[in-house]
1. Being open to solvent by less than 60 Å² (accessible area, probe 1.4 Å) and in a loop (DSSP other than H, G, I, E, B) is the filter here, so list the residues in segment 152-182 that pass it.
2. Could you please let me know if Trp123 is aromatic (Phe, Trp, Tyr) and more than 18 Å from Phe195 (Cβ to Cβ)?
3. Filter segment 212-227 down to the residues that are assigned to a loop (DSSP other than H, G, I, E, B) and out of contact with any helix residue (DSSP H, G or I) (no Cβ under 7 Å at 6 or more places or on another chain), then identify the one that is nearest to Cys24 (Cα to Cα).
4. Checking the conditions here, which among Ser122, Ser128, Ser85, Ser146 is touching a Ser or Thr at 6+ places or on another chain (Cβ under 9 Å), closer than 24 Å to Trp189 by Cβ and of a type in the set (Ser, Thr, Tyr)?
5. Here is a list: Ser153, Ser122, Ser146. Which entry is touching a residue at least 60 places away in the same chain (Cβ under 8 Å), touching a helix residue (DSSP H, G or I) at 6+ places or on another chain (Cβ under 8 Å) and of a type in the set (Ser, Thr, Tyr)?
6. Mind checking which strands (runs of 3 or more DSSP E) fall wholly inside segment 32-142 and carry at least 2 residues that are farther than 25 Å from Met231 by Cα?
7. Write out, first by first residue and then by second, each pair whose Cβ atoms fall under 6 Å of each other, whose residues are 6+ apart or on separate chains, and whose first residue, in segment 1-30, is assigned to a helix (DSSP H, G or I) and open to solvent by 10 Å² or more (accessible area, probe 1.4 Å) while the second is modelled with pLDDT of 90 or more and among the charged types (D, E, K, R).
8. I need the full set of residues from segment 166-196 which are touching a Pro at 6+ places or on another chain (Cβ under 8 Å) and within 16 Å of Gly88 (Cβ to Cβ), in order please.
Amino acid sequence: MNAATEIAKTAIVLVHGSWHGAWCWRRVLPLLRGAGVETHAVTLTGVGERAHLLSPEVGIDTHTQDVIGLIEAEELQRVVLVGHSYAGNLITCVADRLQRTHPGLLRHLVYVDAGVPNPGDSWSTPHSPETVARRVKEAQASGGLSFPPPDASLFGLEGADRDWVNRRQTPQPFRLYQEPLRFDPALVWAVPHSFIDCTHPPLATIAASRQRVRSEPGWTVYEMATGHDPMVSAPRDLAQLLLAIHHRSAA
């Protein structure tokens, strides 16, 4: 199979972060598809247009199956899997599952300003005690079901971009915040992996990931001088970077 065929047969799957949905990739999708790359964006159970499915049972296994379900339904044979923010934890668990059931399917893992967990960590593990306490308190208002989104200015967004994200964000299932993650790091990190560090302004809760990917072997680190939601604030730059990673992974 020649390089052009490999590239054509390698899809990109985009997985959004907390409080978001597939809507957040609206500016990136046409750029990737316009470059001839099959691209899909999943909305996870309990948020976005699937917010009506929010329940206490929504956990990491639910979201793992959301992503794998899309890959299987679309019959994708080669995938560059992209996870933003919270979805860094999620794509790690997805990779563990796919490495066991579909070895060779994953070509690259891309962590977009995202969590990079160790086995047994939860989403909350790298966060400060103050952040954890605040989110636990916020979740109490819903009986522990969910916690509300922050103002999108936290992601470095202003004006119409900030308003657009604020209108669309939905509460995040709270079970995900403290649920331990179980995966085999040897399986996961056998897949080539990159980290996209959004540096202006840097989001404090991603600080541990930024440090880790620069101290451990095997990571390719890219920097973008934009905020935590680059798919909104710098979609062309993000798309160009994802296309470059995709082409190197597929060729």
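1. Residues satisfying the conditions are Gly156, Leu157, Gln169, Thr170, Pro171, Phe174, Glu179, Pro180, Leu181.
2. Taking the combined requirement at face value, the residue does not satisfy it.
3. Here is the first cut: in segment 212-227, the residues assigned to a loop (DSSP other than H, G, I, E, B) are 216-218, 225-227.
Of the ones still in play, those that are also out of contact with any helix residue (DSSP H, G or I) (no Cβ under 7 Å at 6 or more places or on another chain) are 216-218, 225.
On the way: Glu216: 30, Pro217: 31, Gly218: 29, Ala225: 19 Å.
Among those that are assigned to a loop (DSSP other than H, G, I, E, B) and out of contact with any helix residue (DSSP H, G or I) (no Cβ under 7 Å at 6 or more places or on another chain), it is Ala225.
4. Ser85
5. On the way: Ser153 fails: touching a residue at least 60 places away in the same chain (Cβ under 8 Å); Ser122 fails: touching a residue at least 60 places away in the same chain (Cβ under 8 Å).
Unique residue meeting the criteria: Ser146.
6. Once the strands (runs of 3 or more DSSP E) in segment 32-142 are filtered for at least 2 residues that are farther than 25 Å from Met231 by Cα, nothing remains.
7. Listed by first residue and then by second, the contacts come to Lys9/Arg78; Trp23/Arg168.
8. Gln172, Leu181, Arg182, Phe183, Pro185, Ile196
The values are calculated or read from the model by the stated rules, or taken from the named source; none is laboratory data. Please read all numbers here as calculations on a predicted model, not as lab measurements. Methodologically, a virtual Cβ is constructed for each residue, glycine included, from the backbone with ideal geometry; neighbour enumeration extends over all protein chains shown. We work out accessible area using only protein heavy atoms, side chains counted, and drop any ligands, DNA or RNA first. Shrake-Rupley method; radii C 1.70, N 1.55, O 1.52, S 1.80 Å.
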